[in-house]
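The values are calculated or read from the model by the stated rules, or taken from the named source; none is laboratory data. From a predicted model like this one, the values you see are computed outputs, not experimental measurements. Glycine also receives a Cβ, built like all others from the backbone with ideal geometry; neighbour counts cover every protein chain displayed. Side chains included, ligands, DNA and RNA excluded: accessible areas come from the protein's heavy atoms. Shrake-Rupley method; radii C 1.70, N 1.55, O 1.52, S 1.80 Å.
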Amino acid sequence: MKFKGFLIGAGAALIVAGCAPSAQNVKLEPQVDVEERFAEERPEVALRVKDRRSQQILGYRDPGRGITLGIEGSLADVVRESLREALERQGVAVKEWDGEAENRLTVDIKSFDYERSGGFLRRQIDLETKWDVLGSFEGTRVSSQARARTSERMLTVPGDAKNEELVNTILNRAIHQVVTNDDLLEQLREVKD
């Protein structure tokens, strides 16, 4: 009987240990759906994205053990490329950054945070990102903010695929907010060729 109890206890310990998350680097694959807005004008804008986060990880999959959730590659590079694609799908010609360009747009990523809380069978994931957006269009300044967040409750530790889904969902929302901002679109409409 004692041996059977030992086997059950050892089996339970292995199951719990098997559920413990390992460090993960999320693959960023934003896919923002936008419609064409500038079919003929093709306004131009110089674009830059700066990552101003205080830490390079997103957060901790297991805060008690220091097991991190990070990203593959550069967040600023992925965001810039995704903004470029979304703007170009709308009909905007995106140029390399030039601080002297007549029309320019800067996106500062202030935060992108992942937090897991709760315990056995009642876990919660909170994600939030905050960006500052500053544009200058033929001398007219435009500023806005992009904010995206989500919370999700789950019974078990989220796996790699779920974390990737959650991070990319927030990334999509923030990019969509930037490229569909009414003030930005209005300034782009007024840009002279």
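For VAL45, are the conditions met, namely being open to solvent by less than 70 Å² (accessible area, probe 1.4 Å), under 25 Å from GLU165 (Cβ atoms), at pLDDT 95 or above and touching a Leu at 6+ places or on another chain (Cβ under 9 Å)? Can you show your working first?
Working: open to solvent by less than 70 Å² (accessible area, probe 1.4 Å): yes; under 25 Å from GLU165 (Cβ atoms): no; at pLDDT 95 or above: yes; touching a Leu at 6+ places or on another chain (Cβ under 9 Å): yes.
Against the criterion (open to solvent by less than 70 Å² (accessible area, probe 1.4 Å), under 25 Å from GLU165 (Cβ atoms), at pLDDT 95 or above and touching a Leu at 6+ places or on another chain (Cβ under 9 Å)), VAL45 does not qualify.
Given ALA93, ALA46, ALA101, ALA76, which one is in contact with a Pro (Cβ under 8 Å, 6 or more places away or on another chain) and either at negative phi or of a type in the set (A, V, I, L, M, F, W, C) (or both)?
None of the others qualify; the one that does is ALA93.
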Checklist outcome for this item: For segment 48-74 the number of residues that are at pLDDT below 95 and among the basic types (Lys, Arg) is 2
Checklist outcome for this item: In segment 47-83, anything closer than 16 Å to ASP132 by Cα and not charged (D, E, K, R) is listed as LEU47, VAL49, SER54, LEU75, ALA76, VAL79, LEU83
Checklist entry - Name the residues in segment 72-97 that are of a type in the set (Val, Ile, Thr) and within 21 Å of SER111 (Cα to Cα), would you? => result VAL78, VAL79
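When you scan segment 75-193 for helices (runs of 4 or more DSSP H) that lie fully inside it, which ones turn up with 1 or more residues that are at pLDDT below 95, open to solvent by 80 Å² or more (accessible area, probe 1.4 Å) and closer than 19 Å to GLY59 by Cβ?
Numbers: elements: 75-90, 160-179, 182-190.
Where helices (runs of 4 or more DSSP H) fall fully within segment 75-193 and carry at least 1 residues being at pLDDT below 95, open to solvent by 80 Å² or more (accessible area, probe 1.4 Å) and closer than 19 Å to GLY59 by Cβ, they are 160-179.
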Checklist outcome for this item: Those residues of segment 50-82 which are more than 13 Å from the chain's Cα centre (by Cα) and among the β-branched types (Val, Ile, Thr) amount to ILE67, THR68
Checklist outcome for this item: The correct count of residues that are under 23 Å from GLU36 (Cα atoms), out of contact with any Lys or Arg (no Cβ under 7 Å at 6 or more places or on another chain) and of a type in the set (S, T, N, Q) in segment 58-106 is 2
Checklist entry - What tally of residues in segment 64-91 results from selecting those that are under 15 Å from GLU44 (Cα atoms) and among the polar types (S, T, N, Q)? => result 1
Checklist entry - In segment 125-157, which residues are without any contact (Cβ under 8 Å) to a residue 12 or more places away in the chain and among the basic types (Lys, Arg)? => result ARG141
